[in-house]
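The values are calculated or read from the model by the stated rules, or taken from the named source; none is laboratory data. Fair warning: this is a prediction, and the values are worked out from it, not measured in the lab. Note that we place each Cβ from the backbone using ideal geometry, even for glycine, and neighbour counts take in every protein chain shown. Only protein heavy atoms, including side chains, enter the accessible area calculation; ligands, DNA and RNA are left aside. Shrake-Rupley method; radii C 1.70, N 1.55, O 1.52, S 1.80 Å.
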Amino acid sequence: MQQDWPQGVFPARLIEALHQQGAIAAARPFDADQVQPASLDLRLGPVAYRVRSSFLPGPSHSVAERIEALKLHEVDLSKGAVLERGCVYLVPLQETLALPAAVSASANPKSSTGRLDVFTRVIGDRARGFDQLPAGYAGPLYLEISPRTFPVLVRTGSRLSQMRFRSGDTRLSAAEHVALHEAEGLVFGETTPVGDGVALSIDLLGEGRNGLVGFRSKRHTAVVDVDRKGALDVLDFWEPLVNRGGGELILDPDEFYILVSHEAVHVPPTHAAEMVPFDPLVGEFRVHYAGFFDPGFGHSPAGGSGSRAVLEVRSREVPFLLGHSQTIGRLVYERLAEKPDRLYGSALGSNYQAQTLKLSKHFKPYPG
C-alpha cells in the first residue's frame with residue numbers, strides 16, 4: 001500500500017485511491033455520486049439496532065459487543081423502516097476502513113441530515129470519541145442515529161453521514177487564515193473578524209426575502225423520507241419566522257431552528273472548511289451540528305456567488321435572545337493535500353450551492 005500520502009485533507013482522487021488500495025472497503029460498489037469533492041458519503045447497511053442508550057465502546061470493547069448488551073430489538077432496513085424521534089439506533093455501515101498509518105478520518109452529518117435535526121455520530125471499535133477515527137484505524141464503522149424532531153424513513157443505502165480523510169497537520173493557523181482571506185476573500189460582510197477561523201454572524205433582518213429570517217420546526221409531523229427530494233410541503237413541518245422590525249429572535253429551549261448567516265461564504269478550491277461553535281463558553285445556545293464545507297462552496301466559477309451558511313440552532317436550558325449580526329459560529333479552514341479534480345457546485349448537482357436561507361432538499365421551495 002502507498003505510504004507517502006501527501007499532507008492535507010484528501011480530495012476525491014485520493015479518496016478513490018484509498019478505496020482502490022483497500023483502505024476503504026465496501027459491501028457493494030460505490031454509488032456514482034458517493035465520493036464528494038473532499039468527503040465520502042457513508043451508506044447504511046441492512047439492519048438497525050434500537051439500543052437503550054448512546055455509548056462509546058472504550059478501549060476494551062468492540063461496538064458489536066456493546067450493541068449486544070444494550071439492544072432492545074432489530075429493525076430491517078432492506079425495504080425501508082421508520083426511525084422514531086427520541087430513540088437511539090446503531091446501524092452498521094457498508095463501508096469499513098483499514099487506514100494507512102499516516103491517514104486519519106473524521107465524520108459529520110450531511111447537510112440534509114442536520115437540517116432535519118437528525119443527530120448522527122460515527123463510531124469505530126474501541127473508540128474513545130465520536131466521529132474521529134485515528135490514523136491507522138482498521139475495522140467496521142457504525143452510525144448512531146437519533147431523530148430529534150421528525151420521524152424519518154431510511155433504508156439500506158441511505159446516506160446520512162460523510163467522512164473526511166487527512167494526513168498531517170491540515171488546519172490553518174490564525175495568520176494563515178488572515179492571509180487566505182486577504183488573497184481569496186473567505187467571507188463577505190460588513191465586519192468579518194478573521195483569526196483562528198472566520199467568524200460568522202446571524203441574519204435576522206431578512207432583506208431580499210420579504211423579512212423571512214428562519215424556520216422553527218413543528219411537532220407531531222408526518223414522516224420524512226430521507227431519500228426523496230422536493231416531496232414535502234414546508235408548512236406541514238415548519239413555522240416561518242419573519243422580522244417584524246426589531247432584528248431579534250428569542251430562542252425557546254428545546255426548539256429547533258433553521259437560520260442563515262449574514263455573510264456570504266467562500267471556500268477556495270485549494271481548501272476545505274468546517275463550521276464549529278464560536279465559543280464553547282457561550283453555553284446558552286450553539287450551532288447544533290458542525291458541518292463540512294467542500295472546496296468550491298461559494299466559489300463564483302462553480303456557480304456559488306453569494307452562498308450563505310445555513311445554521312441549525314438550538315437553545316439549551318433557558319430562553320436566549322439573538323440579535324442581528326450576533327456572532328454565532330466560525331469557519332475553520334484546512335489545506336487540501338492536492339488540487340481537486342471536482343468542486344462543489346452546479347456541475348455536480350450540489351443541492352446547496354448559491355443558497356441563502358434554505359431548508360433541506362426534502363422540501364418544496366418556499367417563497368421568501
Worksheet item: Which one of 127, 105, 138 is more than 22 Å from residue 360 (Cβ to Cβ) and either under 17 Å from the mean Cα position of the chain (by Cα) or of a type in the set (Ser, Thr, Tyr) (or both)?
Response: 105
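So that you can scan it fast, the table gives a plain yes or no per residue for (1) open to solvent by less than 40 Å² (accessible area, probe 1.4 Å); (2) in a helix (DSSP H, G or I):
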position: 143; (1), (2): yes, no
position: 156; (1), (2): no, no
position: 164; (1), (2): yes, no
position: 182; (1), (2): no, yes
position: 205; (1), (2): no, no
position: 209; (1), (2): yes, no
position: 215; (1), (2): yes, no
Worksheet item: Which residues, counting only those in segment 145-154, are open to solvent by 20 Å² or more (accessible area, probe 1.4 Å) and either of a type outside the set (D, E, K, R) or assigned to a strand (DSSP E or B) (or both)?
Response: 153
Practice prompt. Among the candidates 307, 261, single out the residue that is buried (at least 23 other Cβ atoms within 10 Å of the Cβ), modelled with pLDDT of 70 or more and touching a Lys or Arg at 6+ places or on another chain (Cβ under 6 Å).
Written response: 261
Worksheet item: Using beta carbons and a limit of 8 Å, which pairs, at least six apart or on different chains, have the first residue in segment 59-86 and closer than 26 Å to residue 138 by Cβ and open to solvent by less than 30 Å² (accessible area, probe 1.4 Å) and the second one assigned to a loop (DSSP other than H, G, I, E, B) and of a type in the set (Val, Ile, Thr)?
Response: 77/156
Item to complete: Could you list, in sequence order, all residues of segment 42-58 that are open to solvent by less than 20 Å² (accessible area, probe 1.4 Å), at pLDDT 95 or above and of a type outside the set (A, V, I, L, M, F, W, C)?
Response: 43, 45
Worksheet item: Does residue 86 satisfy being out of contact with any strand residue (DSSP E or B) (no Cβ under 7 Å at 6 or more places or on another chain) and more than 24 Å from residue 23 (Cβ to Cβ)?
Response: yes
Worksheet item: If we scan segment 318-329, do we find a residue that is under 18 Å from residue 356 (Cα atoms), open to solvent by less than 10 Å² (accessible area, probe 1.4 Å) and modelled with pLDDT of 85 or more?
Response: no
Practice prompt. Identify all residues within segment 218-239 that are in contact (Cβ under 8 Å) with a residue 60 or more places away in the chain, in a strand (DSSP E or B) and surrounded by fewer than 18 Cβ atoms within 10 Å (Cβ to Cβ); write none if there are none.
Written response: 225
Discussion item. Looking at segment 90-108, can you tell me whether even one residue there is of a type outside the set (A, V, I, L, M), within 28 Å of residue 314 (Cβ to Cβ) and either open to solvent by 20 Å² or more (accessible area, probe 1.4 Å) or free of Cβ contacts under 8 Å to residues at least 12 places away in the same chain (or both)?
Written reply: no
